[in-house]
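The values are calculated or read from the model by the stated rules, or taken from the named source; none is laboratory data. The structure presented is a predicted model; accordingly, all values stated were derived computationally and were not measured. Counting neighbours? That spans all protein chains shown, and the Cβs are built from the backbone with ideal geometry, glycine included.
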């Protein structure tokens, strides 16, 4: 018995220290991201990293609707199932204040031998929205990985058809062209809505899960001069301003020009509408437009055009920010953190960022974004590059989940369910958001 | 002689030592059931007690901060919030409509299938298929069936004169009924199964005696069939009511609680509280409120069941 006990202790010690030695040799890295095309592109890039360094990179994908839940569950467990996570910009506040993300400030602001830091290589807007918390603090917790914004795809054949053009000008008094304002987009949507022919004017986001309908609405909301709060985080009279009510009325009107059955639609449904010829225009994140540029998926590929968000009544132009930054899990050991930083350092180089853009990722690298190669690489890159100059985001404070739930529910109830007036909807939303912020102590 | 004595003594000592090392039957029994007990405590008892404690605290499971005792604050917040009463109302309407229709449809199917006919075993099996499917799979293909553009549901009801472009899942007044329809489709076979078991246990001589006394079919149903089947029927209704109050995956897959909050049952709201807002304390409190409601409703059914058995 005594010998057995000693033997067991010895085995345990060997396993312990042998395991500890083993932990220093990083052979693979796990990156969590949502399930969509850019994650597949990142896996391609990861395979190239493996070819160079021998370290296998696994990009683990989760459907958007359950991505946040999966990541937060891992946070709750302080787990190490991932080394890096490409998280939504809205998560920043919560992840930073609760200690889930490693501080990358020094890593991103330390200049290399050429005097350039990683932070210097990306556009200021993307660095701020995807990596910085609090806003303006110059504290960074993510490397801007996938820049994205909402844009529109449209049927050029319909827009450029002489008969359609003549009929439109007769009906509305101005030429049919890519809309420069939301009012023009509304007219075009109405013009092309022909239920008897199975054709509708526009597809807009309506999904109640996570953030889709709020992101869709934000395009008009911001462009109409509305905002989620003023500088002091006050929301009453701001969220329910006349401008935001007008924006909601327009978004609801656009939904009436959408094909029936799009009551819970997000990116996949938008592309489906377009490739099935059901909508003359669809809104979507630029990250999903590669599918429309694929002739085997989109029979209208050769007549598909793209444009960025039109302007509001006062000329303001905004696009709902999409995209994500890559953060390092604060619960992994130092060796894995360093290996993750090594990957990000490699990923952030201009050559790899150019390669990232080449395979379909939306780089935030300044030089690559401005290059002729990038702008002409796809039919939508120019619109994307333009959009990234006027993106705007939802709240990214720790309580964003509660605020987002209020926005999603209220917007869906009115836009899809037809409940209440636009004013009542925005009043209700403003009251709920105000209460949530007060409960969280923002107005003490 | 002394050698024999010492050998005997040694054998006795060895036997004693062996006996001491051998465990009693009771101890062996306890050892075998110990893993199950541990699992039960870890997976059921501990979470039950811990979540009860958390319901009296302000706590977020991902905030890296310990629970802060707030007493009954979570319960008061929930019970004084009109939104939560809306969720309870939605859940109650859903449970009432769904269970009532399942009972009628399930009972009807059982009455049709009680007498054997050619192909009845196959038909019975096919009727049982819906309840064998995964709820989320059912939700996803019914989402397609309800599509106003190409769904077969609208196509079929179009023959009745109802608007064939009805957006069942996109209309605040119809979405809950759409969920009820799917739930009835899925779980009426469960009621049918239990009622069939009850019907098959009714002694034939009761019907023979009633026929001799020239009792009508309706009389026989009211006075023989229904009372005999009532205990099993109540069990079916009890189970379905409990499930209706806990319903999550069907609603989540079909409507996500929308449009707006038209189909936002208590379970959907609880999920949002726990995994959207990460307000673990309040979510735990809501879970216990739901538990109390389910226990209260179940007690009513059990009393009715006991009366039915005595009667």
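Residue B:229 meets the conditions (1) within 17 Å of residue B:305 (Cβ to Cβ); (2) within 14 Å of chain A (Cβ to nearest Cβ) in every case but one. The failed one is (2).
Here is a yes/no grid of residues against (1) modelled with pLDDT of 90 or more; (2) under 29 Å from residue B:180 (Cβ atoms); (3) surrounded by fewer than 18 Cβ atoms within 10 Å (Cβ to Cβ):
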{"residue": "B:199", "(1), (2), (3)": "yes, yes, no"}
{"residue": "B:202", "(1), (2), (3)": "yes, no, yes"}
{"residue": "B:207", "(1), (2), (3)": "yes, no, yes"}
{"residue": "B:217", "(1), (2), (3)": "no, no, yes"}
{"residue": "B:240", "(1), (2), (3)": "yes, yes, no"}
{"residue": "B:247", "(1), (2), (3)": "yes, yes, no"}
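When you check residue B:281 against the structure, is it touching a strand residue (DSSP E or B) at 6+ places or on another chain (Cβ under 7 Å) and more than 24 Å from residue B:127 (Cα to Cα), yes or no? In short, yes. When the residues of the stretch A:252-267 are filtered to those that are in contact with a strand residue (DSSP E or B) (Cβ under 6 Å, 6 or more places away or on another chain) and more than 11 Å from chain B (Cβ to nearest Cβ), the one that is nearest to residue A:283 (Cα to Cα) is A:267. If a residue has to be under 23 Å from residue B:240 (Cβ atoms) and out of contact with any helix residue (DSSP H, G or I) (no Cβ under 7 Å at 6 or more places or on another chain) to count, how many in the stretch B:134-177 make the cut? So the answer is 6.
I'd like the full set of residues that are within 18 Å of residue B:270 (Cβ to Cβ) and under 28 Å from the mean Cα position of the chain (by Cα), limited to the stretch B:30-59. B:47, B:48, B:50, B:51, B:52, B:53, B:54, B:55, B:56, listed by residue number.
Table: residues versus (1) closer than 19 Å to residue A:86 by Cβ; (2) within 14 Å of another protein chain (Cβ to nearest Cβ); (3) in contact (Cβ under 8 Å) with a residue 40 or more places away in the chain.
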| residue | (1), (2), (3) |
| --- | --- |
| A:100 | yes, yes, yes |
| A:113 | no, no, no |
| A:126 | yes, no, yes |
| A:129 | yes, no, yes |
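Find the residue count for the stretch A:230-283, including only residues that are at positive phi and either surrounded by 24 or more Cβ atoms within 10 Å (Cβ to Cβ) or without any contact (Cβ under 8 Å) to a residue 60 or more places away in the chain (or both). Here the count works out to 1. Among the residues in the stretch A:66-85, are any surrounded by fewer than 16 Cβ atoms within 10 Å (Cβ to Cβ), out of contact with any helix residue (DSSP H, G or I) (no Cβ under 9 Å at 6 or more places or on another chain) and more than 14 Å from chain B (Cβ to nearest Cβ)? No: zero hits. Scanning the stretch B:52-65 for residues that are in contact (Cβ under 8 Å) with a residue 40 or more places away in the chain and within 14 Å of another protein chain (Cβ to nearest Cβ) yields B:54, B:58, B:59, B:60, B:61, B:62, B:63. Is one or more of the residues making up the stretch A:421-428 crowded, with 23+ Cβ neighbours inside 10 Å, within 13 Å of chain B (Cβ to nearest Cβ) and assigned to a helix (DSSP H, G or I)? Looking for residues that are crowded, with 23+ Cβ neighbours inside 10 Å, within 13 Å of chain B (Cβ to nearest Cβ) and assigned to a helix (DSSP H, G or I), one finds at least one in the stretch A:421-428, hence yes.
Look through A:417, A:360 and report the one residue that is within 14 Å of chain B (Cβ to nearest Cβ) and more than 21 Å from residue A:225 (Cβ to Cβ).
Answer to the check: A:417.
Residue check: is residue A:383 over 25 Å from residue A:236 (Cα atoms) and buried (at least 21 other Cβ atoms within 10 Å of the Cβ)?
Working: over 25 Å from residue A:236 (Cα atoms): yes; buried (at least 21 other Cβ atoms within 10 Å of the Cβ): yes.
For residue A:383, the condition - over 25 Å from residue A:236 (Cα atoms) and buried (at least 21 other Cβ atoms within 10 Å of the Cβ) - is met.
Only one entry of A:189, A:231, A:177, A:247 meets the criterion of being in a loop (DSSP other than H, G, I, E, B) and either in contact with a helix residue (DSSP H, G or I) (Cβ under 7 Å, 6 or more places away or on another chain) or closer than 23 Å to residue A:278 by Cα (or both), and that entry is A:177.
To keep it simple, each residue is scored yes or no on (1) free of Cβ contacts under 8 Å to residues at least 60 places away in the same chain; (2) within 14 Å of chain A (Cβ to nearest Cβ).
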| site | (1), (2) |
| --- | --- |
| B:121 | yes, no |
| B:136 | no, yes |
| B:140 | no, yes |
| B:155 | yes, yes |
| B:169 | no, yes |
| B:179 | no, yes |
| B:184 | no, no |
| B:217 | yes, no |
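If you check residue B:76 against the conditions, is it part of a helix (DSSP H, G or I), at pLDDT 90 or above and under 30 Å from residue B:265 (Cα atoms)? Judged against the criteria, residue B:76 is a match.
Residue check: residue B:106 meets all listed conditions (1) within 22 Å of residue B:272 (Cβ to Cβ); (2) more than 14 Å from every other protein chain (Cβ to nearest Cβ); (3) crowded, with 18+ Cβ neighbours inside 10 Å but one, namely (1). Restricting attention to the stretch A:102-111 and to residues that are in contact (Cβ under 8 Å) with a residue 24 or more places away in the chain and either in a helix (DSSP H, G or I) or in contact with a strand residue (DSSP E or B) (Cβ under 6 Å, 6 or more places away or on another chain) (or both), the residue that is farthest from the other protein chains (Cβ to nearest Cβ) turns out to be A:109.
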